[in-house]
Each structure stands twice: as C-alpha cells, then as structure tokens.
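Structure first, commentary second.
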Amino acid sequence: MSTRLRQSHLRPVYTIDAKDRLIDANAAFVASMPYAGGIDALLGQSIWNFISGDLPRRLWEVMYERVRLSSAPLFVPVRSDTSTERRVIDLELHPGPHRTVRHVRECLWVETRSAIALLDTNYPRDERIVMRCAWCARIQVRLGVWQEIEDAQLSLGIETTRTLPTLQDTACSACQQAVLKALPARVA
Ligand SMILES: [Zn+2]
C-alpha cells in the first residue's frame, strides 16, 4: 500500500459555459477522460453527459447556480476511485464571466489497493443495481446504511463471477446534506 501526492501542474482544468457545455479543457483533463478523439471530441459536449444519476445532477445544478451567483470559488471534496486506487480530489469551482464555471481538479490523496472488479468499467454487468454515492463512493447495503466498497461486497455477498451488478450513482444522505450546506468561500 502506498500513498503519494499528485503534482499540482498535472491538475485537470476545464470550463463550462452558461448552458453547461464544455468550452475549454487542458491536456490533463482530456487524458483523464475515457474518451477517444481527444479534445475535439469533448468540447461542445454537455457536462451532463459525464454525470450520471438524477440526484447527483440535481445537486450539481444547485452548486453551479451558487457559484454563478457568487464571486468566490466553491470547493467540493469528492472520492474519485479507480478499481486499483482510492483517490480523494478537491474539485474547485470558480465563477467566470458570462456564467462560465472553471473546474480545477486537485488530487489530494491516492492510495493503491487490490483491484476491485466492481469498479472495473470493462467488467460485464447484469440487471442487478447497486447504489453508490457519487461524493464519498460508499455503497448502500440497505436503506440508510452505506459502506466502503470492500465491506459492501461482503455485506451484499457480491462475488466476482461472469457478470457483476451495475453501479448506479446517487448521493448518500450525509453527502447530500454536506453539498446543500456548502457555500462559496468568502472573499476577504
Ligand atoms: Zn456519500
């Protein structure tokens, strides 16, 4: 197991316009997207093409509106795991002219772990649905109970067989409350 800090000059940066379309992105952002075609394939696309789940979308809409009405950035901590890494990122939302919002993704912390098939996007899926919080990455094991994915796999009896359940993004109640309470930083 190892932890390390990511170098800040590799931070992905991207900007959306008033209609939530990507209008600018740096190479680090393009490289972070599972997308062929590079920046040309990304610019002009709606940010909502990359955010799944009704509740996460509603919460992002609230945050974007808050940032656009403000003159100060909003900082949103998000777990952004891959199958082999636990990652905590700080997503900075900066208000810009004409209701643009510039996003800066700062990776705060990375920890390697044994590969989790449930997080491998290439793994075949079946019709079973497992709910995951888009902010803390915990999995709902029963109503109101959320666990880290390793524990949730045991609680739910999920074994790595030919297919795995489909992960669906939502927000746990703790993260939902935190997001709704988050206010832009005050400018002195
Ligand atoms: Zn959560």
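Within the range 78-101, is even one residue over 21 Å from residue 10 (Cα atoms) and within 16 Å of the ligand (Cβ to nearest atom)?
No, that holds for no residue.
For (1) open to solvent by 30 Å² or more (accessible area, probe 1.4 Å); (2) not β-branched (Val, Ile, Thr), each residue gets a yes or a no:
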{"site": "47", "(1), (2)": "no, no"}
{"site": "53", "(1), (2)": "no, yes"}
{"site": "65", "(1), (2)": "yes, yes"}
{"site": "74", "(1), (2)": "no, yes"}
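For every residue, the table says whether it meets (1) under 18 Å from residue 183 (Cα atoms); (2) charged (D, E, K, R); (3) touching a helix residue (DSSP H, G or I) at 6+ places or on another chain (Cβ under 9 Å).
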position	(1), (2), (3)
64	yes, no, yes
70	yes, no, no
74	yes, no, yes
83	no, no, yes
87	no, yes, no
90	yes, yes, no
94	yes, no, yes
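In the range 159-173, what count of residues is obtained for those that are within 14 Å of the ligand (Cβ to nearest atom) and either open to solvent by less than 60 Å² (accessible area, probe 1.4 Å) or in contact with a Gly (Cβ under 6 Å, 6 or more places away or on another chain) (or both)?
5
Could you go through the range 36-45 and let me know if any residue there is assigned to a strand (DSSP E or B) and modelled with pLDDT under 95. Please lay out each step first, then the result.
Here is the first cut: in the range 36-45, the ones assigned to a strand (DSSP E or B) are none.
No, the range 36-45 has no match at all.
Can you tell me how many residues in the range 143-168 are of a type in the set (Gly, Ala, Ser) and not in a loop (DSSP other than H, G, I, E, B)?
Count: 2.
Within 16 Å of the ligand (Cβ to nearest atom) and assigned to a strand (DSSP E or B) - does that describe any residue in the range 108-122?
So far as the range 108-122 goes, no, none of its residues is within 16 Å of the ligand (Cβ to nearest atom) and assigned to a strand (DSSP E or B).
Of a type in the set (Ser, Thr, Tyr), under 30 Å from residue 72 (Cβ atoms) and touching a Lys or Arg at 6+ places or on another chain (Cβ under 9 Å), is that true of residue 163?
Working: of a type in the set (Ser, Thr, Tyr): yes; under 30 Å from residue 72 (Cβ atoms): no; touching a Lys or Arg at 6+ places or on another chain (Cβ under 9 Å): yes.
Answer is no for this residue.
Starting from residues that are surrounded by 19 or more Cβ atoms within 10 Å (Cβ to Cβ) and free of Cβ contacts under 8 Å to residues at least 60 places away in the same chain, keep the ones in the range 141-158 and report whichever is nearest to the ligand (Cβ to nearest atom).
146
For the range 79-102, which positions are surrounded by fewer than 16 Cβ atoms within 10 Å (Cβ to Cβ) and touching a Cys at 6+ places or on another chain (Cβ under 9 Å)?
Selection gives 90 alone.
Got a sec? Which of 87, 105, 58 is in contact (Cβ under 8 Å) with a residue 60 or more places away in the chain and not in a loop (DSSP other than H, G, I, E, B)?
Unique residue meeting the criteria: 105.
The values are calculated or read from the model by the stated rules, or taken from the named source; none is laboratory data. Just so it is clear, the model here is predicted, and its values are computed rather than measured. As a convention, Cβ positions derive from the backbone with ideal geometry for all residues, glycine included, and neighbour counts pool all protein chains shown. Only protein heavy atoms, including side chains, enter the accessible area calculation; ligands, DNA and RNA are left aside. Shrake-Rupley method; radii C 1.70, N 1.55, O 1.52, S 1.80 Å.
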